[in-house]
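Please treat every number below as a calculation from the coordinates, not as lab data. This one's a predicted model, so the numbers in the text were calculated from it and none came from an experiment. Cβ sites come from the backbone with ideal geometry, for glycine too, and all protein chains shown count toward neighbours.
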Amino acid sequence: FEAKTSGSDDLKAIISAISTLVEEATFVATAEGITFRGMDPSHVALIDISWPNSAFEKYECDSDIKFGVRIDEFSKLIKRADKKDSIEISISEQNMLLVTVGKNKKYKMRLIESSATDTPLPKIPYDSKITLSSSRFDKILGDVQVVSDYLTIHTSDSKADFSGKGDSGEVVIDLEKDIDEIGEISSKEDSIGTYSLEYLNPVVKAVGTTAGQITCEFSSAKPLRIEFKVANIGRIHFYLAPRVES
Amino acid sequence: IRGQSSITNYF
């Protein structure tokens, strides 16, 4: 198995997103590419990543392989890459991950026993969909966070608003007013869902500007799915379970 | 009362 990226931004974004949920990550490499799927320890959020072979400068995988890494250690190595540096990974016979950063930095990192289980994906319908720039979404989360720990998303016909309510006050952000930065709003059914900023904020910051656009899909009191559109990567899906009336 | 649900409830 051998994979070489062109540039380091995508891998940094992926590792950073995963680091918001887990300390140890198991990746699966097949001839098709590299995948990761995992939940945070409290099973509130799930990340599903599929990175196709076509997105790599060089990719070779003769037989399926699982490899586990400590995310903080892997992240430290990846961060030594400049934006344009390629990162090449392969696995040695001694169960070490060989990481070549740029032209001349050759790291060896100990792999961990992979505790991978087959995590399914939530099976849910998505009634509503909002596409907007990731920087706009990041600002909205900041706007809501000053009064609340939770973001409420509400769609009605083809209108949407984000809101938050806390002890000190509340805020409503009407998306119709800044249509320039909103790509698309659609709803098959009026939907309202409330989601924890404790999980949303870190992942949106982690993927940051690497994702130009994001798509939020949800239904009333059902998980939110955010798709981050990162140029070279097939799929980064972040699922977040809702706050519900109990 | 509001509570945090688990993603596994939706598998």
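Summary table below
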read-out: Ellipsoid semi-axes in whole angstrom, largest first, where each is sqrt(5λ) of the Cα gyration tensor of the stretch A:70-170; value: 41, 19, 15
read-out: More than 16 angstrom apart: percent of Cα pairs within the stretch A:96-153; value: 73
read-out: Cross-link partners of A:LYS103 among lysines (Cα-Cα below 30 Å; sequence separation of 8 or more within a chain); value: A:LYS4, A:LYS12, A:LYS58, A:LYS66, A:LYS76, A:LYS79, A:LYS83, A:LYS84, A:LYS205, A:LYS229
read-out: Surface/4 of the Cα convex hull for the stretch A:126-215, nm²; value: 5.4
read-out: Debye equation applied to the C-alpha atoms of the stretch A:1-72, log10 I(q)/I(0) at 0.12, 0.13 Å⁻¹; value: -0.32, -0.37
read-out: Neighbourhood charge, 12 Å Cβ-Cβ cut-off, centred on A:ILE14 and excluding it, Lys, Arg +1 and Asp, Glu -1; value: -1
read-out: Taking B:SER6, A:SER158, A:SER148, A:SER63 and counting other C-beta atoms within 10 Å, the order from fewest to most; value: A:SER63, A:SER158, B:SER6, A:SER148
read-out: Burial ordering of A:THR119, A:THR155, fewest other beta-carbon atoms within 10 Å first; value: A:THR119, A:THR155
read-out: CD proxy at 222 nm, helix term only [per DSSP H run n ≥ 4: -39500 (n - 2.57); per residue of chain A; nearest 500]; value: -5000 deg cm²/dmol
read-out: Share of Cα-Cα pairs in the stretch A:1-146 lying beyond 28 Å, as whole percent; value: 24
read-out: Principal axis dimensions, largest first and in whole angstrom, of chain A by Cα; value: 56, 37, 34
read-out: Neighbour-count order for A:CYS61, A:CYS216, fewest beta carbons within 10 angstrom listed first; value: A:CYS61, A:CYS216
